[in-house]
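To start, the structure itself, in structure tokens.
Rule-based calculations on the coordinates, nothing more; no lab input. Being a predicted model, the structure only gives us computed values, none of them experimental. Heads up, the Cβs are rebuilt from the backbone with ideal geometry, glycines too, and the neighbour counts pull from every protein chain shown.
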Amino acid sequence: MVGSDRHAQAAFAAGADGVIAQGTEAGGHTGKVSTFALVPQVVDVAAGRPVVAAGGIGDGRGLVAALALGAQGAVMGTRFLASRESTAHDNFKAKIVASRAEDTVITRAYTGKTARHLRNRYIELWEGREEEILGAPLQRILVEPMAAAARTAGAMDYASSASGQVVGLIKDVPGAAEILERVVREAEELLDQGLWRRLSTAGHPGIGSNR
Ligand SMILES: Cc1cc2nc3c(=O)[nH]c(=O)nc-3n(C[C@H](O)[C@H](O)[C@H](O)COP(=O)(O)O)c2cc1C
């Protein structure tokens, strides 16, 4: 899992066969570069080795965009949190469905490392006091008993709830198979009929008109 072209160089130098390029939009531990900027840079570093895109992908449009950027596939995390099979508490799933992209924040408050979570009371208590947060792994050792108990209880004011900006796209809690079927169907429709026509009718007659 890499968050910059530099990480990718290090991973390949260490013998990795392929990498996941995860943009800052992603849920969980994350870096500073957006998926859209990151993936092609990592693809260039990979020089033919497999790259899978992650961060902000929640439907067929995201999958097609990832492929267009040079990735071989996509990882979806947050989308599957809000699935029937996910073991996340129902309150967590409901909060994902109700949240907008801006309701996620990057914080060190749970683990000592930067991670994107749904904003809650606990994260707000640390705002303005970031220098008091311990480094990894100490912050997590300190906080995890509270965070885990809150997750189990569905106490979203204190539960760690790693989620990406794609929450703004998530409106339901279907089965995991249905999520995959939708993503593939949307991607196929876009690739089969949508994209060339959109290019040729974007006010530039002629572009794509031979397709
Ligand atoms: C609740 C949660 C836990 C995660 N835990 C890990 C982890 O332990 N290791 C890891 O490499 N990535 C972890 N991730 C990141 C995912 O593997 C994936 O890259 C990310 O969710 C993709 O971005 P998205 O959330 O926008 O779909 C986690 C993500 C979430 C939402």
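Quick notes on this one:
- CD proxy at 222 nm, helix term only [per DSSP H run n ≥ 4: -39500 (n - 2.57); per residue of the chain; nearest 500]: -11500 deg cm²/dmol
- Near residue 109, no amide H atom lies under 5 Å from its own; only residues 5 or more places off or on other chains count, and H is placed 1.01 Å from N.
- Positive minus negative residues near residue 80 (Lys, Arg vs Asp, Glu; Cβ under 14 Å): -1
- Seen from every direction in turn and averaged, the convex hull around the alpha carbons of region 45-150 projects onto 9.0 nm².
- Distant-in-sequence amide contacts of residue 29, defined by a placed amide H-H separation under 5 Å and a gap of 5 or more residues or a different chain, comprise 116.
- Computing Rg and the Kirkwood Rh from the Cα coordinates of the chain gives a ratio, Rg/Rh, of 1.03.
- For the peptides 180-189, 31-40, the ranking by packing is 31-40, 180-189, with the highest mean count of neighbouring Cβ atoms within 10 Å listed first.
- Cβ-defined net charge surrounding residue 20, 15 Å radius [Lys, Arg +1; Asp, Glu -1]: -2
- About its Cα centre, the dipole of the chain is roughly 140 debye, where the only charges are +1 on Lys and Arg Cβ and -1 on Asp and Glu Cβ.
- For region 1-82: rounded, prolate or oblate by the Cα gyration tensor [a/c cutoff 1.5]: prolate
- Charge dipole (the chain, unit charges on Cβ, about Cα centre) - positive-most of 145, 106, 36: 36
- Here region 44-172 carries DSSP beta bridges of which approximately 60% are antiparallel, counting only pairs with both residues inside.
- Charged side chains reduced to their Cβ positions (Lys and Arg at +1, Asp and Glu at -1) give region 74-139 a dipole of some 280 debye around its Cα centre.
- Exposure proxy ranking, count of Cβ atoms within 10 Å, fewest first, for 156, 76: 156, 76
- Relative contact order for the chain, counting Cα pairs under 8 Å that sit 6 or more residues apart, in percent: 21 percent
- For residue 73, distant residues with modelled amide H under 5 Å away: 53
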